[in-house]
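**Q** Below you will find the structure I want to go over with you.
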């Protein structure tokens with residue numbers, strides 16, 4: 001990163017409070033830390049756990065969109081600004097324009113194409129940036145042959161080595177589900193037809209260059225039209241595309257505009273990431289067939305509705321990039337480099353131009369009543385992206401981090417050299433926070449850590465001595481050296497696997513070398529819980545809860561007591577008893593994108609009737625609820641639902657209760673149910 005992005009301020013004694021905890025959970029701490037907002041002036045506890053390994057940052061993690069209607073596409077000034085921010089992949093030719101764009105004659109019928117934005121100009125800019133291309137092949141008005149010819153030109157004729165190619169953009173928006181914004185000339189606009197064409201495109205394109213990676217367009221779980229089954233289809237868009245084209249693709253491509261009518265609401269949406277990615281991976285594993293584990297996830301468009309150019313946009317960018325990357329999304333792209341004026345307003349005390357761009361387009365409203373800053377002036381999210389470039393470097397491993405304040409987010413990475421970096425985000429627009437950093441599985445060196453800051457209204461990233469105080473709407477990056485270099489640490493175990501029952505799980509992993517023992521940890525916010533240790537390469541963990549999701553890591557320790565870095569995580573969900581006294585079948589029978597008609601079948605597997613019953617379950621998230629119910633009495637308290645009936649349920653009989661469910665995020669269905677206190681078999 002170039003020094004022009006930073007301004008230096010006074011340095012002195014670092015105020016970060018460091019509580020090094022290398023063993024178990026410290027007194028008074030809870031792994032599932034309270035998420036209540038902390039009163040202004042009181043300390044916020046931040047826990048960072050080097051034993052809780054998450055995803056490793058890849059070489060194309062930080063991305064952005066470039067569009068053919070942007071006259072600054074590929075210019076040296078813009079290419080250098082993107083390079084300075086750490087951008088390593090650039091998407092072309094720009095959102096929905098991809099489905100009307102013909103690369104050979106550089107036209108987009110029905111749209112505007114700026115001068116000097118052709119593919120070769122784009123590639124020259126990408127190379128100057130130091131970024132790879134991600135290219136969207138025209139599905140809506142193009143052909144497989146046109147896409148194959150583009151691959152030939154890019155990788156055979158020109159030798160660009162373009163690895164990533166997606167087939168279309170938001171093609172579920174072609175009118176098949178009602179809303180239509182995406183061009184699609186196919187007579188059949190169903191996911192079945194899209195899947196067939198993806199397969200044909202992939203075959204034609206890989207016949208030219210078998211090394212390329214092909215992506216198919218899916219929808220983000222919890223976002224329209226996720227869950228909707230259109231007339232004539234056998235399943236939702238994601239289910240149909242994965243079932244029919246899973247064998248032909250290498251990654252899936254999703255977009256996420258989570259909405260929110262206020263900055264505060266928009267900034268809560270990043271809490272959806274973990275569950276949304278989990279559901280998407282479940283869909284891939286369930287529908288994509290053999291070898292589904294090879295299919296990766298890209299997020300190639302995201303932005304906010306409020307505060308796009310001011311500090312809320314910056315806070316969102318830092319939080320969403322970190323949240324997606326730590327869950328294993330291999331690349332995240334902001335929409336976009338330039339976009340132009342939208343609705344002008346004042347957000348967080350500063351003029352917001354409603355512009356989706358990272359950089360100013362330099363244009364004005366009619367009559368020049370309001371003008372943007374000069375062309376290419378960075379907006380606040382650009383500086384957040386620059387902080388991400390400093391924070392999440394290729395090869396770094398994200399590790400667990402958590403706070404006890406819902407308005408303070410924390411993310412952390414462990415570097416190959418042993419350094420640990422913590423990204424802190426204060427989402428409170430009016431009150432500062434004092435943070436206390438607590439480390440687990442890591443001992444920081446004495447002395448001052450490095451601290452970078454970007455605050456509300458700043459026009460550069462600052463270096464500072466204060467890593468403890470977070471001003472309102474401030475982002476800070478704190479980087480620490482380890483007390484001892486990890487030169488002699490043992491090798492980290494490889495990717496674990498898990499086989500689970502209703503109450504046990506057997507965790508297995510590749511050996512990490514001779515003479516080591518292995519320690520197995522369950523992630524629990526920013527503080528892991530040790531489940532056991534062994535000298536073998538598997539461990540059976542007992543006393544687990546039915547229908548619960550667990551994420552586990554394995555570490556190795558040598559005879560001198562030196563602990564390795566964390567293995568990659570493995571996530572699994574326990575089942576339910578296979579032969580319980582009751583069976584429950586939970587069904588989503590008719591989904592419309594933010595709600596559904598649900599049905600619960602309850603079967604008495606016993607030999608005696610049940611005279612009066614209560615079925616209890618817990619929603620996996622806080623954004624799910626029962627709107628109404630029938631055939632029983634429905635009651636919800638917090639996340640717990642109780643369904644009661646005075647009726648009799650004879651031995652061997654089944655009864656059904658229905659309800660209307662609502663959700664405002666990824667709809668993770670409950671997995672465990674109890675009938676009169678007995679855990680049922682779920683099917």
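FYI, it's all coordinate maths here, none of it is from the lab. Predicted model only: the values in this text are computed from it and were never measured. Because the Cβ atoms are built from the backbone with ideal geometry, glycine has one as well, and the counts that use them run over all protein chains shown.
**Q** Considering only the chain, what is the antiparallel percent among its DSSP beta bridges, to the nearest 5?
**A** Antiparallel bridges make up about 70 percent of those DSSP assigns within the chain.
**Q** While we're on this one: Starting from 0 in steps of 10 Å, tell me what percent of the Cα-Cα pairs of the range 497-573 lands in each bin.
**A** That works out to 19, 54, 24, 3, in percent per bin.
**Q** Sort the following peptides by mean Cβ neighbour count (other Cβ atoms within 10 Å, averaged over residues), highest first: 603-615, 167-179, 84-96.
**A** Sorting 603-615, 167-179, 84-96 by mean packing, highest first, produces 84-96, 167-179, 603-615.
**Q** Which percent of Cα-Cα pairs in the range 529-627 sits in each 5 Å bin, short to long?
**A** 2, 7, 13, 16, 13, 12, 10, 9, 7, 5, 3, 1, 0
**Q** Roughly what % of DSSP beta bridges within the range 552-683 run antiparallel, to the nearest 5?
**A** Once the DSSP bridges in the range 552-683 are tallied, antiparallel ones form about 95 percent.
**Q** Once the range 138-210 is represented by equal point scatterers at the alpha-carbon sites, with solvent omitted, what log10 I(q)/I(0) does the Debye formula produce at q = 0.23 Å⁻¹?
**A** Result of the Debye calculation: -0.96.
**Q** Roughly speaking, what % of Cα-Cα pairs in the range 582-682 are separated by over 16 Å, rounded to a whole number? Walk me through the numbers before you get to the answer.
**A** On the way: 2704 of 5050 pairs.
Summing the P(r) of the range 582-682 above 16 Å gives 54 percent of all pairs.
**Q** I've got another one for you. One-quarter of the Cα convex hull surface for the range 39-189, in nm²?
**A** Values: hull surface 57.4 nm².
With the hull built on Cα positions only, its mean projection is 14.3 nm².
**Q** With n ≥ 4 as the cut-off for DSSP H runs, can you work out [θ] at 222 nm for the chain, using -39500 (n - 2.57) per run divided by the number of residues, rounded to the nearest 500?
**A** Computed ellipticity for the chain at 222 nm equals -4500 deg cm²/dmol.
**Q** Another question about this same structure. Please report the relative contact order for the chain, taking Cα pairs under 8 Å with a sequence separation of at least 6, and give it as a percent rounded to a whole number. Write out the running numbers ahead of the final one.
**A** Values: 1797 pairs, mean separation 107.5, N = 683.
The value is 16 percent.
**Q** Give, to the nearest whole percent, the P(r) tail of the chain beyond 46 angstrom, counting all Cα pairs. Don't jump to the answer; show the numbers that get you there.
**A** Details: 48024 of 232903 pairs.
Summing the P(r) tail past 46 Å for the chain gives 21 percent.
**Q** Residues in the range 200-226, backbone N under 17 Å from the label point at residue 152 (7 Å along the Cα-to-beta-carbon vector): list them, ranges by number please.
**A** Counting only backbone N, you get 201-212.
**Q** Ranking request for peptides 251-257, 646-652, 143-149: highest mean number of other beta-carbon atoms within 10 Å first, then the rest in descending order.
**A** Descending mean neighbour count gives 251-257, 143-149, 646-652.
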